[in-house]
Amino acid sequence: DRTTRVWDYEGNRVALTHHDGPVGMAEFSPDSSRLVVCTGKSPVRVQELEGRVLADLPGHESEVQRAHFSPDGKLVLTAGWDGTARMWGLDGPDLVTLRGPRGLVHFVDVAADGRLVTAAFDRTVRLWDPTGKELRRIDYPRPQWLAALSPRGDRMLALSNLGHLSIHRLADEHP
C-alpha cells in the first residue's frame with residue numbers, strides 16, 4: 001500500500017510514511033535510528049524511524065534492487081536494474097557511480113577501507129576502489145545474487161542464483 005509503518009514493542013504505531021511506489025525492501029541503519037527504503041522506480045528514501053524523511057536519493061534510471069547502509073552508517077549503497085551501483089552520502093549526493101555490469105546489479109557492499117563489490121545478472125562480481133575504478137572482475141557461469149567483503153577486506157564471497165557460494169582471497173587488491 002506504498003507505506004512504511006514503524007511499531008513499538010507494545011504494538012503501537014510510531015510512524016507512517018507514504019511513498020510514491022510499492023515498498024520493495026527496507027533496512028535499518030547500523031544504529032537502528034534510520035531506515036533506507038526502496039520503492040520501485042521512485043527514489044530510494046532515507047528516513048528516521050519516526051517517519052521524517054532525511055533524503056530522497058534519485059539517480060537510478062530504473063528500479064532499485066537493493067539498498068543498504070555502510071557498516072559505519074554514514075553511506076547508503078544502492079544497486080539497480082539500470083546496470084549501476086551507487087554510493088551516497090546521507091545528505092543525498094551521489095558520491096560514486098559504478099558502471100560496467102550489463103543489466104541488473106543485484107547487490108553492492110562496501111568494506112571499511114572504502115572498496116566496493118557488486119554482484120550482477122551479467123554473471124560477474126566486480127571489485128572497485130572507492131573512486132569507482134574497477135580493480136577486479138570475476139566471471140561466473142550463472143548470474144550472481146550476492147557479493148560481500150569480509151570485515152578485514154581480505155576475502156570476497158559471491159553467491160549465484162542457484163546457491164553456489166565462492167570465496168576468494170584478495171591479497172593483491174588489499175591496500
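The values are calculated or read from the model by the stated rules, or taken from the named source; none is laboratory data. Predicted model, so just to flag it, every value in this text is computed and none were measured. In this analysis, Cβ positions are derived from the backbone assuming ideal geometry, glycine residues included, and neighbour counts consider all displayed protein chains. Keep in mind that these areas ignore ligands, DNA and RNA; they rest on the heavy atoms of the full protein, side chains included. Shrake-Rupley method; radii C 1.70, N 1.55, O 1.52, S 1.80 Å.
Residues of segment 75-82 include none that is under 20 Å from residue 129 (Cβ atoms), loosely packed, with under 15 Cβ neighbours inside 10 Å and either in contact with a helix residue (DSSP H, G or I) (Cβ under 9 Å, 6 or more places away or on another chain) or not aliphatic (A, V, I, L, M) (or both). No other residue among 35, 16 is at pLDDT below 70 and part of a strand (DSSP E or B) apart from 16. On the given criteria, is residue 139 among the acidic types (Asp, Glu), closer than 19 Å to residue 69 by Cα and modelled with pLDDT of 90 or more? Considered against the rule, which asks whether it is among the acidic types (Asp, Glu), closer than 19 Å to residue 69 by Cα and modelled with pLDDT of 90 or more, residue 139 comes out as no. What about residue 73, is it within 21 Å of residue 43 (Cα to Cα), at pLDDT below 90 and assigned to a loop (DSSP other than H, G, I, E, B)? Taking the combined requirement at face value, the residue does not satisfy it. Scanning segment 158-175 for residues that are open to solvent by 40 Å² or more (accessible area, probe 1.4 Å) and either closer than 21 Å to residue 103 by Cα or not in a strand (DSSP E or B) (or both) gives 159, 161, 162, 163, 164, 171, 172, 174, 175.
Please verify whether residue 99 is buried (at least 21 other Cβ atoms within 10 Å of the Cβ), under 17 Å from the mean Cα position of the chain (by Cα) and of a type outside the set (S, T, N, Q), treating the condition exactly as stated. The answer is no for residue 99.
Being part of a loop (DSSP other than H, G, I, E, B) and open to solvent by less than 70 Å² (accessible area, probe 1.4 Å) narrows it down to one of 109, 113, so name that one. Testing whether each residue is part of a loop (DSSP other than H, G, I, E, B) and open to solvent by less than 70 Å² (accessible area, probe 1.4 Å) leaves just 113. If you go through segment 128-156 and keep only what is assigned to a strand (DSSP E or B) and either among the acidic types (Asp, Glu) or open to solvent by 60 Å² or more (accessible area, probe 1.4 Å) (or both), you end up with 134, 135, 136, 137, 139, 145, 155.
Based on this model, can you work out whether residue 54 counts as modelled with pLDDT of 90 or more, in contact with a strand residue (DSSP E or B) (Cβ under 9 Å, 6 or more places away or on another chain), within 23 Å of residue 159 (Cα to Cα) and not polar (S, T, N, Q)? When the stated conditions are applied, residue 54 does not pass them. Considering every residue within segment 35-42, establish whether at least one is within 21 Å of residue 112 (Cα to Cα), in contact (Cβ under 8 Å) with a residue 24 or more places away in the chain and touching an Asp or Glu at 6+ places or on another chain (Cβ under 8 Å). Yes, because at least one residue in segment 35-42 is within 21 Å of residue 112 (Cα to Cα), in contact (Cβ under 8 Å) with a residue 24 or more places away in the chain and touching an Asp or Glu at 6+ places or on another chain (Cβ under 8 Å). Candidates in segment 28-63 are the residues that are within 15 Å of the chain's Cα centre (by Cα) and open to solvent by less than 10 Å² (accessible area, probe 1.4 Å); of these, the one that is nearest to residue 9 (Cα to Cα) is 29.
Give segment 76-104 a look and list any residue that's under 18 Å from residue 35 (Cβ atoms) and either among the hydroxyl-bearing types (Ser, Thr, Tyr) or outside any strand (DSSP E or B) (or both), or say none. Selection gives 78, 90, 91, 92.
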